[in-house]
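K.L.:
Next up is a structure, given as structure tokens.
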Amino acid sequence: MVEQELKPFSDSIKELVSTDQPILSMAAKHFFEKRHGKRFRPTIIQLMAKAVTAAVPETIRQAQLGQIVEMIHVASLIHDDVLDEADTRRGGEAVHKLYSNKVAVLAGDYLLARASVLLARLENTAVVQIMATALESLVAGEIMQLKAPAESLLEMESYLRKSYYKTASLICYACRSTALLGGHAYGSTVATACEEFGYHLGLAYQIQDDILDFTAAASVLGKPALADMDLGLSTAPILYAAEEFPHLKPMIMRRFKNKGDKQKALEALYSSDIAMDKAKALANFHAQRAVDALLRLPQTESRDALVRLTHTVVTRKK
Ligand code: GRG
């Protein structure tokens with residue numbers, strides 16, 4: 001439904017991130033050329049733009065917002081792979097492996113800088129404020145992940161808060177901004193429904209991502225599998241397994257640092273009949289809440305496409 005809008009998307013982003021520094025240009029363009037990913041966020045923004053814009057659609061600024069959000073997303077992926085020392089992304093080498101850590105850090109910074117200029121050009125102060133807050137949230141989520149006190153690693157609430165900051169915030173703020181650019185007031189029913197949709201969709205997306213980390217192969221994911229435990233992270237499946245097998249709790253608190261921890265935790269998870277199902281149910285719960293929020297918008301083809309997109313978020317295999 002938004003194929004026409006997304007077709008020129010990559011070409012136009014490539015132009016927007018051109019710089020006279022060839023290495024920076026190449027690194028910044030890497031994820032907008034062959035390795036463009038699923039373009040999940042721009043797709044949501046385009047569909048949302050159509051769903052909230054009245055009779056004569058003016059969706060140019062929302063299309064630009066889609067580009068800005070994808071640039072922020074890609075910058076965060078490039079930086080994340082440096083922090084996590086991940087070798088692969090989107091089925092190919094991570095930017096820091098192709099070039100160097102320094103180039104990857106600067107390429108991410110450059111994308112963020114370009115995104116900020118484009119955001120300012122939208123000339124909507126409320127949207128600038130909202131999207132600046134989204135950036136702040138992304139960094140807060142990453143710091144939370146890095147510096148979490150041992151006790152909090154056991155808490156489902158901390159896991160969900162971190163998931164909100166590192167994944168859902170960008171989507172939910174982008175959805176509210178789309179409504180604002182479509183002419184709706186900040187506190188309007190439409191803007192609030194859009195943000196609520198993005199919040200729950202983003203959480204469902206991250207929970208499904210965390211499930212796939214255990215259940216999918218790296219070759220399918222295009223990035224390392226079983227990566228979270230290597231990074232000392234406990235996500236929904238492991239937290240539910242620990243409710244059933246309390247001997248996992250000290251391992252979670254020490255971030256699986258001792259020899260054999262990861263193996264024992266995996267064995268417990270795979271021997272559980274309910275841990276993975278509970279994680280799945282949590283993802284489905286948030287997907288349903290996302291759909292509930294959508295149903296507060298007037299019925300349109302685009303709104304119904306977003307309902308179907310929500311379904312694919314929790315059934316996706318990569
Ligand atoms: C530089 C903005 C900025 C932030 C720095 C590193 C960092 C702080 C934040 C990392 C946030 C992060 C990478 C969260 C993970 C979000 C996520 C679910 C990524 C995968 O998204 P997909 O599946 O990937 O949409 P594709 O490749 O399809 O776009």
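The values are calculated or read from the model by the stated rules, or taken from the named source; none is laboratory data. What you are looking at is a predicted structure, and each value in this text was computed from that prediction instead of being measured. Heads up, the Cβs are rebuilt from the backbone with ideal geometry, glycines too, and the neighbour counts pull from every protein chain shown. Each accessible area value is taken on the protein alone, full model and side chains, heavy atoms only, with ligands, DNA and RNA left out. Shrake-Rupley method; radii C 1.70, N 1.55, O 1.52, S 1.80 Å.
K.L.:
Among the candidates MET26, MET71, MET48, single out the residue that is within 18 Å of GLU196 (Cα to Cα) and of a type outside the set (D, E, K, R).
P.N.:
MET48
K.L.:
Taking the options VAL105, VAL139, VAL128, VAL95, name whichever one is β-branched (Val, Ile, Thr) and open to solvent by 70 Å² or more (accessible area, probe 1.4 Å).
P.N.:
Within the list VAL105, VAL139, VAL128, VAL95, the selection yields VAL139.
K.L.:
Counting only residues that are open to solvent by 40 Å² or more (accessible area, probe 1.4 Å) and part of a helix (DSSP H, G or I), how many does the range 1-11 have?
P.N.:
4
K.L.:
Kindly indicate the residue of the range 88-120 that is away from the ligand (no atom under 15 Å from the Cβ) and in contact (Cβ under 8 Å) with a residue 40 or more places away in the chain and also nearest to GLY37 (Cα to Cα) among those meeting that condition.
P.N.:
Selected residue: LEU98.
K.L.:
Filter the range 274-318 down to the residues that are without any contact (Cβ under 8 Å) to a residue 60 or more places away in the chain, more than 21 Å from the chain's Cα centre (by Cα) and part of a helix (DSSP H, G or I), then identify the one that is farthest from ALA191 (Cα to Cα).
P.N.:
ALA275
Conditions tested, residue by residue: (1) over 30 Å from GLN299 (Cβ atoms); (2) part of a helix (DSSP H, G or I); (3) among the hydrophobic types (A, V, I, L, M, F, W, C).
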site	(1), (2), (3)
ILE44	no, yes, yes
LEU47	no, yes, yes
LYS50	no, yes, no
ALA63	no, yes, yes
GLY66	no, yes, no
ILE72	yes, yes, yes
ASP81	yes, yes, no
ALA86	yes, no, yes
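K.L.:
Is at least one residue of the range 51-61 more than 16 Å from SER177 (Cβ to Cβ), among the hydrophobic types (A, V, I, L, M, F, W, C) and surrounded by 16 or more Cβ atoms within 10 Å (Cβ to Cβ)?
P.N.:
Checked the range 51-61: no residue is more than 16 Å from SER177 (Cβ to Cβ), among the hydrophobic types (A, V, I, L, M, F, W, C) and surrounded by 16 or more Cβ atoms within 10 Å (Cβ to Cβ).
K.L.:
Give the residue that is nearest to ASN284 (Cα to Cα), with candidates limited to residues of the range 205-226 that are in contact with a helix residue (DSSP H, G or I) (Cβ under 6 Å, 6 or more places away or on another chain) and more than 11 Å from the ligand (Cβ to nearest atom).
P.N.:
ILE211
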